[in-house]
């Protein structure tokens with residue numbers, strides 16, 4: 001149902017490098033790269049992440065309550081993505097751990113532009 005999610009960024013090159021490196025182990029790469037917008041994913045037929053300079057060219061503003069959530073397929077991969085994000089310049093918003101017993105395992109970061117991202121695994 002979801003085709004892509006877009007987040008605003010200040011520096012396209014930095015954002016593309018951050019997300020391409022972060023998601024490469026999941027098979028993602030930059031699929032479309034235009035001046036102010038880039039699409040990152042596995043294929044054009046699967047959900048993608050779009051990073052863009054806002055159309056009005058004003059500073060992007062991460063929304064209060066907005067969050068991008070990525071399911072990497074296992075608790076171990078949640079841990080790996082969380083650590084990799086920190087190594088790539090993200091800040092901690094919640095270390096990996098079981099949030100809801102036997103149901104939800106998650107970790108949270110803020111990307112270099114302040115966008116909140118969750119890595120999660122159900123079950």
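Just so it is clear, none of the values below were taken in a lab; they were calculated from the coordinates. All of these numbers come straight from a predicted model, not from anything done at the bench. Don't worry about glycine lacking a Cβ; one is built from the backbone with ideal geometry, like all the others, and counts go over all protein chains shown.
Per-structure values
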{"read-out": "Percent RCO, i.e. relative contact order, over segment 54-123, from Cα pairs under 8 Å lying at least 6 residues apart", "value": "37"}
{"read-out": "Percentage relative contact order, the chain, counting C-alpha pairs under 8 Å, at least six apart", "value": "23"}
{"read-out": "Globularity index of segment 3-49, i.e. its alpha-carbon radius of gyration over 2.2 N^0.38 Å", "value": "1.03"}
{"read-out": "Calculated [θ] (222 nm, deg cm²/dmol) that DSSP helices of n ≥ 4 give over the chain, each run adding -39,500 (n - 2.57)", "value": "-6500 deg cm²/dmol"}
{"read-out": "DSSP bridge orientation in the chain - percent antiparallel, rounded to nearest 5", "value": "70"}
{"read-out": "Difference of contour (0.36 nm per residue) and Cα-Cα distance, residue 76 to residue 46", "value": "8.5 nm"}
{"read-out": "Alpha-carbon centroids, segment 92-123 and segment 1-26: separation in whole Å", "value": "17"}
{"read-out": "Residue 69-residue 36 FRET efficiency (beta carbon distance; Förster radius 22 Å; 0.05 resolution)", "value": "0.35"}
{"read-out": "Highest to lowest packing among 63-70, 108-115, scored as the average C-beta count within 10 Å", "value": "108-115, 63-70"}
{"read-out": "Potential lengthening between residue 98 and residue 11 on full extension [0.36 nm per residue; Cα-Cα distance subtracted]", "value": "28.0 nm"}
